[in-house]
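Peer 1: Below are the structure tokens for one structure; questions will follow.
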Amino acid sequence: MDQILQAKPEAPSKHATSGVEPAPMFDLIELFFFAYRDFVGDADRLLESLAFGRAHHRVLHFVHRHPGLMIAELLDILGITKQSLNRVLKELLDEGYVEARPGPSDRRQRLLFLTPKGRRLALDLSVLQSRRFARALDELPAGARDGAIQFLLAMIDPSEREKVSGLVWNEPATSGDKAAEPAAVQGG
């Protein structure tokens, strides 16, 4: 296993500035695919036992992390249409995992919260996925988590990084072109 984890020699990263189309990075594409498959597979098995899928998981996750989320905010986070969300949200509401409460100043506004049952499921799913991260990080040198965070942030479109950082680390977005460096990368 240690041999597999040894880094392959890297070619200089001048793809963006050389004007030459880079060769496909099949190794990274395929490793990312397999890592994602296994990462979501742990949660998929639990969700399947409840007749839920990945869309349910995403809703549970973000409502758990951001109680009182408005439906419009959830749509923006997920990057989906209201029609796509309706069925999933209705099932979670009907099954007692999520509740919608009126807004404090506008009673027509609907704020989403998890019920105790929803919080338990969201936490169970997060624990499953955290175990996989922990196993992977245990096989890597110290500081690998910070490197992983930097890599994943770099994979996000530059225009979205600040917004994503704010969601992940529960920080309000600040003005500026560059995302604020998360505390986890700073060593906290």
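Peer 1: For segment 101-118, which positions are in contact with a Pro (Cβ under 9 Å, 6 or more places away or on another chain) and either within 17 Å of L47 (Cα to Cα) or part of a helix (DSSP H, G or I) (or both)?
Peer 2: L114
Peer 1: For a quick check of your reading of the model, give me the residue pairs whose first member lies in segment 55-75 and is closer than 12 Å to V88 by Cβ, whose second is in a helix (DSSP H, G or I) and of a type in the set (G, A, S), with beta-carbon atoms closer than 7 Å and at least 6 apart or on different chains.
Peer 2: H57/A43; L60/G118; L60/A122
Peer 1: Filter segment 76-85 for residues that are under 15 Å from R110 (Cα atoms) and either surrounded by 15 or more Cβ atoms within 10 Å (Cβ to Cβ) or among the small types (G, A, S) (or both) and give the result.
Peer 2: Within segment 76-85, just L85 meets the criteria.
Peer 1: Out of segment 120-140, which residues are part of a helix (DSSP H, G or I) and among the aliphatic types (A, V, I, L, M)?
Peer 2: Passing the criteria: L121, A122, L123, L125, V127, L128, A134, A136, L137.
Peer 1: Taking segment 78-113 only, how many residues are under 12 Å from H56 (Cβ atoms) and in contact with a helix residue (DSSP H, G or I) (Cβ under 9 Å, 6 or more places away or on another chain)?
Peer 2: Residues that pass the stated criteria total 10.
Peer 1: Of everything in segment 99-112, what is farther than 14 Å from A72 by Cα and surrounded by 15 or more Cβ atoms within 10 Å (Cβ to Cβ)? Give them in sequence order.
Peer 2: E99
Peer 1: Filter segment 126-147 for residues that are within 21 Å of I77 (Cβ to Cβ) and among the small types (G, A, S); which is surrounded by the fewest Cβ atoms within 10 Å (Cβ to Cβ)?
Peer 2: S130
Rule-based calculations on the coordinates, nothing more; no lab input. Small disclaimer: the values here were computed from a predicted structure and weren't measured. Backbone-built Cβ (ideal geometry, glycine too); neighbour counts: all protein chains shown.
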